[in-house]
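This report refers to the structure that appears directly beneath it.
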Amino acid sequence: MSPLSRSPYVNLLAHSPIDRLAHLRDRSEWIEQVLQSGTARFLPTQGSRSLVHVSNPPRPALLSTHELDDLGASIRAPVLLGIREERYFFSVPVGEDLPLPDSFEFRDLRPLAGLLEPWEASLLAYARAMAIWHRNHAFCARCGSATELAEAGHARVCLSEECGRRHFPKVDPAVIVLVARGERCLLGRQASWPEGRFSTIAGFVEPGESLEDAVRREVYEETGVSVSDVSYHSSQPWPFPSSLMLGFLAEADSEEIQLLDGELSEARWVTRDEIVSGETLLPPPVSIAYALVREWFNTEPGFDLDSQGESGPPVWR
Ligand SMILES: [Zn+2]
């Protein structure tokens, strides 16, 4: 794997300038003061969607207390996200029945992320992950009693006196890996994807498993290929709904492809020329999968993935 660079790489959603103020989450009086001050800004969420101003490009709605009032929404179950440039950000869930003026819309982050400022996309990703966790944890996983919000929205506490368990937001680690062998890399396609679309190999880490072992297992299960020399590349929070993608590079020890677990409908060894020609379409540039393919692609002198193609690199559109 020595030709591949291991320089630090920052993915979209992965470099947030928000100070999360985690050490202040249990100071409820201070949080109450902040909520009443003019420095609080609210990000309304509806299910997993975030409120945006309808504009071109769209802008996230970061509303003052007055603006939230004008919409007819209330400060219910606020989650302290953190501070940036003297503004304290809170996400607040609002009901499905909130009537909206034409200038606002609830949208899903996935198609939106690449259109926003990177820090805005990070903030919305954080708000989305928290909103989904709260929605799915209204009841205690141990005893089934109702739970209530605590620690400025970063915990939920079981209301049963006998139980009282404290629950914390969950993140699901997943490995994603670019496997290289000589002049080719290993990409796979799920049956539900349109013809020609390929991506790097990925899967969830299992209990009791190291990241490196998860990489070796996932690549083998999905493609039958054995890998070694597994090295870390970069990470990307992926709140769809609660993943953390951990990107790796690995060298293949074998070539024969066998789709052992049936998760992929096709896997193949791909050359740079097959990517340049558009025969193999890659995931969009906002994804860590693209960043991993680029890391390998650009190690060959004269190849630069970002500058391929007249209307941009050959990716899913
Ligand atoms: Zn309980």
| message | Which one, 24, 236, 286, is farthest towards the positive end of the dipole of the chain when Lys and Arg carry +1 and Asp and Glu -1 on their Cβ? | response | 24
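Per residue, what volume in Å³ does the Cα convex hull of the chain take up?
It comes to 167 Å³ per residue, whole-number rounded.
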| message | Taking amide H atoms as placed 1.01 Å from N in the peptide plane, list the residues 5 or more away in sequence, or in a different chain, whose amide H sits under 5 Å from that of residue 238. | response | 243, 244, 245
| remark: Taking alpha-carbon centroids only, segment 89-134 lies from segment 202-249 a number of Å equal to 28 Å
| message | Check which residues have an amide H placed less than 5 Å from residue 299's amide H, if you skip close sequence neighbours. | response | none
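Near residue 197, within a Cβ-to-Cβ distance under 14 Å, what is the net charge of the other residues, with Lys and Arg +1 and Asp and Glu -1? Mind showing how you got there, number by number?
Details: positive: 189, 268, 317; negative: 195, 266, 274, 279.
Once positives and negatives cancel, what remains is -1.
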| remark: Going residue by residue through segment 183-189, the Karplus relation 6.51 cos²θ - 1.76 cosθ + 1.60 with θ = phi - 60° gives ³J(HN,Hα) values, rounded to whole Hz and with x marking Gly or Pro, of 8, 10, 10, 9, 10, x, 9
| note | Given backbone amide H placed at 1.01 Å from N, residues whose amide H is under 5 Å from that of residue 53, ignoring those fewer than 5 places away on the same chain, are 59, 61
| What does the charge add up to near residue 173, with Lys and Arg as +1, Asp and Glu as -1, over the other residues with Cβ less than 15 Å from its Cβ? | -4
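Short version: what are the Cα gyration tensor semi-axes of segment 263-317, square root of 5 times each eigenvalue, largest first, in whole Å?
On the way: eigenvalues 58, 35, 28 Å².
Here the semi-axes work out to 17, 13, 12 Å.
Which loop-located GluC sites (Glu not before Pro) does segment 244-305 contain, where loop means any DSSP state but H, G, I, E or B and the Cβ has at most 15 other Cβ atoms within 10 Å? Intermediate values should be presented prior to the final figure.
On the way: sites: 251, 255, 256, 263, 266, 274, 279, 295; in loops: 255, 256, 263, 279.
Qualifying residues, ordered by number: 255, 256, 279.
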| When only alpha-carbon atoms count, how far does segment 172-307 stretch along each of its three principal axes, as whole angstroms with the largest first? | 42, 31, 31
| message | At a 4.7 angstrom Cβ threshold, list every cysteine in the chain that has nobody to pair with, or say none. | response | 185
| message | From the phi angles alone, apply the Karplus equation (6.51, -1.76, 1.60; θ = phi - 60°) to segment 90-96 and give each ³J(HN,Hα) in whole Hz, x where the residue is Gly or Pro. | response | 10, 8, 9, x, 10, x, 5
| Each residue of segment 66-74 in order: what ³J(HN,Hα) in whole Hz does its phi give by Karplus 6.51 cos²θ - 1.76 cosθ + 1.60, θ = phi - 60°, with x for Gly and Pro? | 5, 5, 5, 4, 4, 6, x, 9, 10
| What value, in deg cm²/dmol to 500, does the helix sum -39500 (n - 2.57) over DSSP H runs of n ≥ 4 give at 222 nm once divided by the residues of the chain? | -6000 deg cm²/dmol
| remark: tail above 21 Å in the computed P(r) of segment 22-136, as % of all Cα-Cα pairs, reads 33 percent
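Each value in this text was obtained by applying a stated rule to the coordinates, not by laboratory testing. The structure presented is a predicted model; accordingly, all values stated were derived computationally and were not measured. Cβ: placed from backbone, ideal geometry, glycine included. Neighbour counts: every protein chain shown.
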